[in-house]
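The values are calculated or read from the model by the stated rules, or taken from the named source; none is laboratory data. Worth saying up front: this structure is predicted, and the values here are computed from it rather than measured. Cβ: placed from backbone, ideal geometry, glycine included. Neighbour counts: every protein chain shown. For the accessible areas, the whole protein counts, side chains as well, though only heavy atoms, and no ligand, DNA or RNA atoms are used. Shrake-Rupley method; radii C 1.70, N 1.55, O 1.52, S 1.80 Å.
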Amino acid sequence: MSRLYLLNYASPIGEIEIWGTDEAVRSIMFSDRNTSTTRMLDETSHPVLEACASQFDEYFKGTRYKFTFPYAFEGTDFQKSVWDALVKVGYGETATYKDIALSIGNEKAIRAVGSANGKNKLSIVIPCHRIIGSNQKLTGYAGGLWRKEWLLRHENQFKELHMNIEQQLKK
C-alpha cells in the first residue's frame, strides 16, 4: 500500500487538507480548524502535494484556471462519470444537476448526480462548486455555501482574462 502524505494549505477561504501518495493527490478538503499559519507544510509532505499547493497559489491569485498536477479519485463508475463531467464545466461557468445528468446520458439521475457531487473529495479541482440548482440558486456544498459563493465570484472576476488568454493561444 502506498504511503499517504499530508499538506495543510491555508487558502483565502480557510485551511485545506491535501492528502496524496507518491503518485497522485487523493483528497482536497476544507478543514474548519483554526490555524495561524499562512501555509504549513507537514513533515510528511511530498512533491506531488507541493505541486498542488503551488497551483492553488496561482488559482487564488487568479492566474490559473486549469489544474495539471496528478490527481486520482476513487468511487463507483457512476460517480466517476459525474466527476469527469464536472471537470468539463468551464472556469467561471455554472451548470445544474440536470445538465450533468444529461451530459452523462442519464436524464433521470438528477438526485444521484447530486449525491455523487457531494462525495467528491477533490474540492476546487473537480469543480462541484460550479453546480447549482435548476432554479439558479446555490445549493449544498461540503465546504459551506459561503465558500461556494466566494469561489464562483472569484472565478467570475478573472473569467474574461482567461478567455482572452485562450483566444491568444488559439492564434
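Roughly how much of THR96 is accessible, in Å² to the nearest 10, using a 1.4 Å probe?
Here the residue's solvent-accessible area equals roughly 10 Å².
Tell me the label-point distance for the pair ASN106, GLU93, using the 7 Å Cα-to-Cβ offset, in nm and rounded to one decimal.
Spacing of the two 7 Å Cα→Cβ label points: 2.2 nm.
What distance in nm lies between label points placed 7 Å from Cα along the C-beta direction at ASP84 and LYS66?
Roughly 1.8 nm, to one decimal.
Starting from the Kirkwood Rh over alpha-carbon pairs, what translational D in µm² s⁻¹ does region 126-165 have by Stokes-Einstein at 4 °C and 1.567 mPa s?
118 µm²/s
Sort LYS108, LYS80, LYS159 by accessible area with a 1.4 Å probe, largest first.
Reading off the accessible areas and sorting them downward yields LYS108, LYS80, LYS159.
Between LEU4 and LEU138, how high is the FRET efficiency from 1/(1 + (r/R0)^6) when r is the Cβ-Cβ distance and R₀ = 30 Å? Nearest 0.05. Don't skip to the end; give the middle numbers.
On the way: r = 32 Å, r/R0 = 1.08.
Taking R0 as 30 Å, the efficiency between LEU4 and LEU138 is 0.40.
Quick one: accessible surface of MET163, probe radius 1.4 Å, all protein chains present, in square angstrom to the nearest 10.
Accessible area of MET163: about 100 Å².
Taking a 23 Å limit on the Cα-Cα distance, which of the listed pairs LYS98/LYS171; LYS61/LYS171; LYS108/LYS137; LYS80/LYS148; LYS61/LYS98; LYS121/LYS159 fall beyond it? Could you put the intermediate results ahead of the total?
Numbers: LYS98/LYS171 35 Å; LYS61/LYS171 26 Å; LYS108/LYS137 20 Å; LYS80/LYS148 21 Å; LYS61/LYS98 31 Å; LYS121/LYS159 25 Å.
Over 23 Å apart, Cα to Cα: LYS98/LYS171; LYS61/LYS171; LYS61/LYS98; LYS121/LYS159.
What accessible area, in Å² to the nearest ten, does a 1.4 Å probe give for ILE126?
0 Å²
Please list VAL87, VAL25 in order of solvent-accessible area, largest first, computed with a 1.4 Å probe with all protein chains present.
My answer, sorted largest first, is VAL87, VAL25.
Find which of MET29, ASN120, ILE131 sits farthest along the positive direction of the dipole of the chain, computed with +1 on the beta-carbon of Lys and Arg, -1 on that of Asp and Glu, about the Cα centre.
The Cα lying farthest towards the positive end belongs to ILE131.
Going from most exposed to least, what order do GLU58, GLU15 have by accessible area with a 1.4 Å probe?
Putting GLU58, GLU15 in descending order of accessible area: GLU58, GLU15.
Express the accessible area of the chain per residue in Å², computed with a 1.4 Å probe while the remaining protein chains stay in the model.
56 Å²
If I compute mean projected area of the Cα convex hull in nm² from the structure I just sent, which labelled value in [x] 8.4; [y] 10.9; [z] 10.4 lines up?
Label [y] holds the value from this structure.
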